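Below is one structure, written out as structure tokens; the observations come after it.
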Amino acid sequence: MDTRTRLVEATQELLWERGYAATSPKDILQRAGAGQGSMYHHFAGKQDLASAALEESAAVMRADVDVLLAGEGSSSERVIAYLERQRDSLRGCRMGRMTYDADVLAIPELLRPVAETLQWVVATIATVISRGIEDHEFPAGTDAHQLASMVVATVQGGYVLARAQQDAAAFDAAVDGAAGLLRSWSQQ
């Protein structure tokens with residue numbers, strides 16, 4: 001693995017663990033096993049490197065979500081698969097975690113991949129739900145965007161509950177509740 005890739009991957013992990021503000025260039029270099037000048041050889045600075053790391057995390061998240069939502073099954077089954085996907089709920093979401101970091105919120109280049117990715121997830125789920133409405137899996141008056149927003153908010157909120165209680169069962173309860181609701185609609 002080349003130095004640039006190691007720097008990006010180390011930054012992805014540190015952002016997920018600590019956030020932007022609590023991650024220093026020294027931490028990144030140490031985690032990547034890279035020399036002091038390496039970061040500045042490949043990136044203009046910490047912000048540029050963090051931006052590249054967030055773009056990579058966004059691409060991975062989109063690919064993971066796309067596999068679930070473009071897979072086999074009915075629309076409701078695919079949305080439920082998104083909800084029930086195995087996650088490390090005590091670590092939280094790589095993208096959602098960034099919304100708690102004041103520095104990320106204040107730097108448009110860092111916030112953009114986070115906001116765009118979460119918007120993309122909502123829009124992609126809304127497309128699947130719209131198809132489910134057409135196929136009579138969901139009630140006719142269902143607002144696909146609102147329901148998709150609820151699904152994403154359930155996952156993100158589940159992370160918050162699990163982390164606050166240090167108990168993955170809190171995440172599971174939120175997801176199980178939303179999945180149960182979707183199942184009850186699709187069985188009517």
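The values are calculated or read from the model by the stated rules, or taken from the named source; none is laboratory data. The model shown is predicted, which means the values in this text are computed figures rather than measured ones. Every residue, glycine as well, gets a Cβ built from its backbone with ideal geometry; the counts of neighbours run over all protein chains shown. When the accessible area is computed, the model is the full protein with side chains, heavy atoms only, and any ligands, DNA or RNA have been set aside. Shrake-Rupley method; radii C 1.70, N 1.55, O 1.52, S 1.80 Å.
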Here's a check for you: in the range 29-41, which residue that is part of a helix (DSSP H, G or I) and open to solvent by less than 70 Å² (accessible area, probe 1.4 Å) is farthest from Val104 (Cα to Cα)?
Ser38
Contacts under 8 angstrom Cβ, first residue in the range 118-130 being on the phi < 0 side of the Ramachandran plot and open to solvent by 40 Å² or more (accessible area, probe 1.4 Å), partner in a helix (DSSP H, G or I) and small (Gly, Ala, Ser), 6 or more apart:
Ala123/Ala148; Thr127/Ala144; Ser130/Ala144
Of the conditions (1) closer than 22 Å to Arg6 by Cβ; (2) touching a residue at least 40 places away in the same chain (Cβ under 8 Å); (3) not in a loop (DSSP other than H, G, I, E, B), Ala63 clears all except one; give me its number.
(2)
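Which residue is most open to solvent (accessible area, probe 1.4 Å), if the candidates are limited to the range 131-148 and must be part of a loop (DSSP other than H, G, I, E, B) and over 14 Å from Ile80 (Cα atoms)?
By that ranking, first place goes to His136.
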In the range 66-92, which residues are modelled with pLDDT of 95 or more and of a type in the set (Val, Ile, Thr)?
Val79, Ile80
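Say whether the condition of being of a type in the set (S, T, N, Q), touching a residue at least 40 places away in the same chain (Cβ under 8 Å), closer than 23 Å to Gly92 by Cα and touching a Ser or Thr at 6+ places or on another chain (Cβ under 9 Å) is met by at least one residue in the range 145-157.
Of the residues in the range 145-157, the ones of a type in the set (S, T, N, Q) are 146, 149, 154, 156.
Next, from what is left, pick out any that are touching a residue at least 40 places away in the same chain (Cβ under 8 Å): 154, 156.
From what's left, closer than 23 Å to Gly92 by Cα: 154, 156.
The next check asks that each one be touching a Ser or Thr at 6+ places or on another chain (Cβ under 9 Å); those that pass are 156.
Yes - at least one qualifying residue is present in the range 145-157.
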Tally, over the range 164-182, of residues that are modelled with pLDDT under 95 and either surrounded by 17 or more Cβ atoms within 10 Å (Cβ to Cβ) or outside any helix (DSSP H, G or I) (or both)
1
Quick one: in the range 96-117, which of the residues that are among the hydrophobic types (A, V, I, L, M, F, W, C) and touching a residue at least 40 places away in the same chain (Cβ under 8 Å) is nearest to Trp16 (Cα to Cα)?
Met98
Quick check on the range 72-117: of everything there that is charged (D, E, K, R) and within 20 Å of Ala164 (Cβ to Cβ), which residue is least open to solvent (accessible area, probe 1.4 Å)?
Asp101
